[in-house]
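Novice: Structure in structure tokens, see below.
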Amino acid sequence: MYQIKRFHSFIWLSGGCFNDFYIHHIDHLAWMKNAWPIEAQALGGRHYKTSPAGIPYIDQNFDSYAVEYTFADGARMYLDGRCVTGCNDMYFSQVQGSKGIAIASKNSDCGLPSSTYKGQNPTSANQIWVSNVKPEERDPYVNEWNDLTDAIRNNKPYNEVKRGSKPA
């Protein structure tokens with residue numbers, strides 16, 4: 001019961017924080033590339049966490065992760081993540097190329113606005129484009145739900161298995 005009540009802490013129940021948080025960035029960046037990585041090299045670290053009362057937390061998560069993903073064409077994707085109390089909170093995705101950079105997710109899994117910049121410095125002077133998404137379309141989870149319910153109500157085919165498991 002201890003583990004079930006604290007399911008995010010145990011790999012066998014939830015996949016841990018890697019599957020809960022980081023997987024979303026891997027998905028949307030791989031979808032942008034329209035390919036899945038063919039190789040990954042990773043490391044992780046852990047320190048023993050204690051409650052404010054000094055009682056040790058018992059779980060299976062690392063506190064920090066770093067993964068270098070390699071695609072078939074040689075492109076690389078880097079993931080760095082940490083779940084450490086007291087550290088600067090950063091949760092975003094950035095795409096870097098030879099001519100500029102893009103902010104795929106400014107904050108959280110799908111945080112708007114997305115934007116592109118000339119060069120490697122994301123300043124307003126270097127901004128080329130910024131997304132402008134209608135307020136009613138800003139939540140990707142609601143968008144997905146709306147697409148599914150529309151398909152059901154209008155007898156349209158709707159199957160995201162291939163897109164959810166492999167790029168189109």
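The values are calculated or read from the model by the stated rules, or taken from the named source; none is laboratory data. All of these numbers come straight from a predicted model, not from anything done at the bench. Cβ: placed from backbone, ideal geometry, glycine included. Neighbour counts: every protein chain shown. Note: accessible area is taken over every heavy atom of the protein model, side chains too, but ligands, DNA and RNA are not part of it. Shrake-Rupley method; radii C 1.70, N 1.55, O 1.52, S 1.80 Å.
Novice: Need one number: nm distance between label points at GLN60 and PHE92, each 7 Å from Cα along Cα→Cβ, rounded to one decimal.
Specialist: 3.4 nm
Novice: Any idea what the alpha-carbon Rg over 2.2 N^0.38 Å comes to for the range 45-130?
Specialist: 1.44
Novice: Just the number, please: carbon plus sulfur as a percent of the accessible area of the range 67-168, 1.4 Å probe, no ligands or DNA/RNA counted.
Specialist: 51 percent
Novice: On a 1.4 Å probe surface of the protein chains, which of MET32, MET1 comes out largest in accessible area, and what is the full order?
Specialist: The ranking, largest first, comes out as MET1, MET32.
Novice: Another question about this same structure. Return the FRET efficiency for the residue pair GLN120, TRP36: r is the Cβ-Cβ distance, R0 is 25 Å, and the value is rounded to the nearest 0.05.
Specialist: Taking R0 as 25 Å, the efficiency between GLN120 and TRP36 is 0.40.
Novice: Using heavy-atom solvent-accessible surface (probe 1.4 Å) with all chains present, what is the largest-first order of THR50, THR85?
Specialist: Accessible-area ranking of THR50, THR85, largest first: THR85, THR50.
Novice: Does the range 87-151 classify as rounded, prolate or oblate by the C-alpha gyration tensor (a ≥ b ≥ c root eigenvalues; a/c under 1.5 gives rounded; else a/b over b/c gives prolate, otherwise oblate)?
Specialist: Since a/c reaches 1.5 and a/b is larger than b/c, the shape of the range 87-151 is classed as prolate.
Novice: I've got another one for you. Can you give the accessible area of ARG82, probe radius 1.4 Å, in Å² rounded to 10?
Specialist: 110 Å²
Novice: A further question follows. Compute the Kirkwood hydrodynamic radius of the range 1-102, taking the inverse of the mean of 1/r over all pairs of distinct Cα atoms, and give it in Å to one decimal.
Specialist: It is 15.5 Å.
Novice: To the nearest 0.05, what FRET efficiency results for ILE11 and ILE152 with a Förster distance of 30 Å applied to their C-beta separation?
Specialist: That gives a FRET efficiency of 0.30.
Novice: Right, something else. If you average 1/r over every pair of different alpha-carbon atoms in the range 9-168 and take one over that average, what Kirkwood value in Å do you get?
Specialist: With all distinct Cα pairs of the range 9-168 included, I get 18.4 Å.
Novice: Sticking with this structure for a sec: In what sequence, largest accessible area first, do GLU68, GLU137 appear using a 1.4 Å probe?
Specialist: These residues rank, largest area first, as GLU137, GLU68.
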